[in-house]
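> This is the structure, below, for whatever I ask next.
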Amino acid sequence: MPADVIINPTSGEIYWNDSGGTTQSISIRGDSQNKIDIIGYSSGFSPASSGIGTFVIATFNDNSGTSAFTPGTSGFDLGTSVLRWNTFATNANLSGVLTVGDSTNTISLTTGSVRLNGGIAISSNASIGQTLLIFNGANYSGFRSGATGNTVYTLPATSPATGSSVLSSTAEGLMSWVPLAASGGVASGVANRMAYYATSGAAVTDSYGFQYTTAGQGQTVSIFGGSAIGSTIFVVSVPSATSVKVGIGVSNPQFELEVNGEISATNKSFVINHPTKPGMKLRYGSLEGPENGVYIRGISTSNIIELPDYWLGLVEYNTITVHLTPIGKNNSHYFIKCEDNKVYIGTSLFKKINCFYSIWAERKDVPKLTVEY
């Protein structure tokens, strides 16, 4: 037997002393039942002596019928830099933490039973029971499944063709890149407008839709159409704490209700606080007729009644009618003509004109009323 291999006759331990002139040695020691220790010593072994500076490098045991390989407290290194360790087995059971790679790596806050500081390559399936954490220093991004069924998502084979794209998935989990609309989005739209899809498959636009502003007439909500706010369809404006103005077809209503268009209703009336009976209301209905009519009325003591100058552009002259009522004694008053925006009237011979008058006409600036349809 070579001089550097020694058997301890007392314990049966086999020592390999360092033949290079140093004092270190290594030994294999087994018990009578189920354990083998690989031990290192800081001083070599000699007959009739025991090793000095003992530390256990590794232990093989079978205490409960299951094979186990336990590393020692001072660490161990098996193999060369080319071939570190080949294990031919079906399972590796770890009771502690297995660390592979540089133990001084502090780039990430790795936790768990297996730490791979040098990276990992997986050629088949991998299962993660809880959360996948990806660290950048002390911060991380995480992924956790909330699925109630089984779905495997397949990523696209290539990167997106355009710079602004999102991932879309089919019901089967097949994912693909979907480009975002290049124009009409919020980034290039008008401030305070709500962008939306005008039609199915169209690009996002804010040329039609909703707008909220706090300037001008105070807090204003608008529904508009067209490329400019001038095409406003509906506006609710709150210019003050005690005033609310609604506009239909106008962008800047000046009244509590301002409509650019036609109003139709089953009936129309006004309701006000009763002028003479406190605590009550007064309601009057609107006079109706088969036309969009206007009128003026008053008292005349002259044979000429001046019509408003704006009637020239407001009414059809051939629709003007005049009603005269004498004041005082019976006196015949009559209509003579309508000319130069004046109504000429007459009375009995040698009588003075003194009458009430009502003059009616139909508007010409709006379409004629369709009475039956």
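Read the figures in this text as sums done on the coordinates, not as results from a lab. All values reported here derive from a predicted model rather than from experimental measurement. Here Cβ is always computed from backbone atoms with ideal geometry, including for glycine, and neighbour counts include all displayed protein chains.
> Can you give me the long-range amide H partners of N354? Hydrogens built in the peptide plane at 1.01 Å from N, cutoff under 5 Å, separation of 5 or more residues or another chain.
Excluding prolines and chain starts, which carry no amide H, the hits are I327.
> Tell me which lysines have Cα within less than 25 Å of K352's Cα, excluding those fewer than 8 residues away on the same chain?
Once the sequence-local lysines are set aside, what remains near K352 is K329, K337, K342.
> Which peptide among 301-308, 267-274 comes first, and what is the full order, when sorted by highest mean count of other Cβ atoms within 10 Å?
Top to bottom by mean Cβ count within 10 Å: 301-308, 267-274.
> So if the hydrodynamic radius of the stretch 286-373 is defined as the Kirkwood radius over C-alpha pairs, what does Stokes-Einstein give as its diffusion coefficient at 37 °C and 0.692 mPa s, in µm² per second? Walk me through the numbers on the way to the answer.
On the way: Rh = 14.2 Å.
After rounding, the answer is 231 µm²/s.
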